[in-house]
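The values are calculated or read from the model by the stated rules, or taken from the named source; none is laboratory data. Please read these numbers as outputs of a predicted model, since none were measured by experiment. Note that each Cβ is placed from the backbone with ideal geometry, even for glycine, and that neighbours are counted across all protein chains shown. Accessible surface is based on the protein model in full, side chains and every heavy atom, while ligands, DNA and RNA are left aside. Shrake-Rupley method; radii C 1.70, N 1.55, O 1.52, S 1.80 Å.
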Amino acid sequence: MSKYWVIERGAPYSTEYKLYFYGPNGPISPFHDIPLFACSEKRELNMVVEIPRWTNAKMEISKDQRLNPIVQDVKKGKLRYVDNVFPHHGYIWNYGALPQTWEDPNHTDERTQAKGDNDPLDVCEIGHRVHPRGSVIQVKPLGILAMIDEGETDWKLLAIDTSDPLAEQLNDVSDIETHMPGFLDATRGWFRNYKVPQGKPRNEFAFDGQFQSRDFALSIIDEMHRSWQSLVGHVVDRNSISCDNVSVIGSAYKIDHSEARELVEKQPAVQPPCPIPPEVNQWHFIPAE
């Protein structure tokens, strides 16, 4: 049984929706209070699932709201949904983030020549289960893709649930092509094209779009963890990020459990989900490059 659980506030698929995380002592921040490593010896990681596979609503850990609940992203006043780019429907993996990581927007990566995107490190979990929104699962890192999104470095980690039947056979990015042929190409194509239906250009990648190895991915994870440590330690500019937490030793932003509980309890009660716009189910066809 997971040591973490979630409660909803507001109506799903509305701007009022919030998904708060709880631990044994009450509300926590999924960004700051969940440890990065589930097992540091095996280099197994905790992953926060923001978006279950096959769904379209662009849910994400809110960086600026206290305790960092999962919310639906809003752009130009409208709730965001990813388009279905044929042959895919929604996200083709369980999509989420690594806690206690941060892509520093003040740092230019010498490998990509672009600054960080100011988010936790993104994860694509490629196992066979569909994990509910708000799940905290243990994953094995396999490789990483360096997407350049609107001039910013946006790393995409590939990982697999450690309890998945394929987990023992997948130990590096090359194993994915062996046991899941075509999946790496599908992943790269998804990230390249997903904004095209909105009239935007195809996304670009560093390293000529090649996936990098597990060891390379682990080095990026360690780097992003150090950036996060500087963030919660009040060493760097927070860039409007809420760093409130209940457990990080030495953090300048630690609050007590009663304050965290009061913050959640004053939120509106959960409501029935709002309807998803019918156009979200439309399929979009992108010409070949």
Worksheet, complete the sentence: Whole-Å distance linking the alpha carbon centroid of segment 111-144 with that of segment 1-31 is 19 Å
Response to the item:
Distance in Å, no decimals, from the C-alpha centre of segment 215-277 to the one of segment 95-109 is 12 Å
Discussion item. Given contacts defined as C-alpha pairs under 8 Å and at least six residues apart, what's the relative contact order of the chain, whole-number percent?
Written reply: 23 percent
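When ranked by the protection proxy of mean other Cβ atoms within 10 Å per residue, highest first, what sequence do the peptides 254-261, 67-74, 187-194 form?
Working: 254-261: 15.1, 67-74: 21.6, 187-194: 19.2.
Order by mean packing, descending: 67-74, 187-194, 254-261.
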Item to complete: Assign one of three labels to segment 172-224, namely rounded, prolate or oblate, based on the Cα gyration tensor with a ≥ b ≥ c the square roots of its eigenvalues; rounded applies when a/c is under 1.5, prolate when it is not and a/b is larger than b/c, and oblate otherwise.
Response: oblate
Fill in: Answer label for percent of Cα pairs over 31 Å apart (calculated), chosen among (i) 35; (ii) 25; (iii) 44
(ii)
Practice prompt. With the full set of protein chains in place, find how many percent of the accessible area of segment 5-284 is carbon and sulfur; take the probe as 1.4 Å.
Written response: 49 percent
Discussion item. For Lys254, give me every one of the lysines with a C-alpha distance below 22 angstrom, ignoring sequence neighbours fewer than eight places off in its own chain.
Written reply: Lys3, Lys18, Lys63, Lys266
Fill in: Mean ellipticity per residue at 222 nm, deg cm²/dmol - from DSSP H runs of n ≥ 4 across the chain, formula -39500 (n - 2.57)
-5000 deg cm²/dmol
Item to complete: Order the peptides 164-171, 268-275 from the highest to the lowest mean number of other Cβ atoms within 10 Å of their residues.
Response: 164-171, 268-275
Discussion item. Using amide H atoms built in the peptide plane, which far-off residues or other-chain residues are under 5 Å from Leu158 H to H?
Written reply: Cys124, Leu142, Gly143, Ile144, Leu145
Practice prompt. Would you mind classifying segment 125-284 by shape? Square roots of the alpha carbon gyration tensor eigenvalues, ordered a ≥ b ≥ c; an a/c under 1.5 is rounded, otherwise it is prolate if a/b is larger than b/c and oblate if not.
Written response: prolate
Worksheet item: Mind listing the phi-derived Karplus ³J(HN,Hα) values for segment 150-159, rounded to whole Hz, using 6.51, -1.76 and 1.60 with θ = phi - 60°, and x for any glycine or proline?
Response: 6, x, 10, 6, 10, 5, 10, 7, 9, 8
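What shape does segment 200-289 have by the C-alpha gyration tensor, where a ≥ b ≥ c are the square roots of the eigenvalues, rounded means a/c under 1.5, and otherwise prolate means a/b greater than b/c and oblate the rest? Could you put the intermediate results ahead of the total?
On the way: a/c = 3.09, a/b = 1.21, b/c = 2.55.
Oblate shape, in that a/c is at least 1.5 and b/c is the bigger or equal ratio.
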Worksheet entry | Overall Cα dimensions of segment 53-127 - principal axes, largest extent first, Å | 35, 31, 27
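Counting pairwise Cα distances across segment 91-210, what percent come out greater than 26 angstrom? It would help to have the intermediate numbers written out before the result.
Details: 1480 of 7140 pairs.
Tail fraction, whole percent: 21.
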Fill in: Estimated vicinal HN-Hα couplings, Hz - segment 29-41 in sequence order (Karplus 6.51, -1.76, 1.60; Gly, Pro = x)
9, x, 6, 10, 9, 7, x, 5, 9, 7, 8, 5, 4
Discussion item. For a quick check: with amide H placed at 1.01 Å from N, whose amide H comes under 5 Å from Phe37's, ignoring anything fewer than 5 positions away on the same chain?
Written reply: Asn46
Response to the item:
Simple SL model, points at 7 angstrom along Cα→Cβ for Arg238 and Ile276; separation in nm is 3.5 nm
